[in-house]
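Mind having a look at this structure? Questions to follow.
None of the figures in this text is laboratory data; all of them are computed from the coordinates on show. Values in this document were obtained by computation on a predicted structure and should not be read as measured data. Note: ideal-geometry Cβ built from the backbone for every residue, glycine included; neighbour counts use all protein chains shown.
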Amino acid sequence: MKELRLALQAVGRKLAVYLNRRKRVKQEGERREIFLRYLGEVAGAVAAIKDTGDRGKKDLFTRLVEVAKKKTAVADTVMDDRGKKIEEELGENVLIVSAETEHGEETGESTS
């Protein structure tokens, strides 16, 4: 009986983790939508206060969108059926060097 109870508790914990991850991703997506809804107004108001014109408004809007995406990055999380985060095979800052480039063959340089 004790083993069955412990097994059910473990399954319950895993289910809670799965549901909480999905909930957090959904909440962050909603949060991002709210941010994006008002960023245009904020950028326009700041541009008017600073008297920077349309170019300043566009620049500020772009920067605010970048900040909103960073702050709500959890919303971009892709999960598998088990609720585990699917990692991308290659990251954003990965540089792939082929054998030809590494030895200077592609650019015509010699390595000696």
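Could you run through segment 14-58 and say how many residues are within 26 Å of the chain's Cα centre (by Cα) and either closer than 22 Å to Val78 by Cα or among the aliphatic types (A, V, I, L, M) (or both)?
26
Which members of segment 1-25 meet the condition of being under 30 Å from Leu64 (Cα atoms), of a type outside the set (S, T, N, Q) and without any contact (Cβ under 8 Å) to a residue 24 or more places away in the chain?
Lys23
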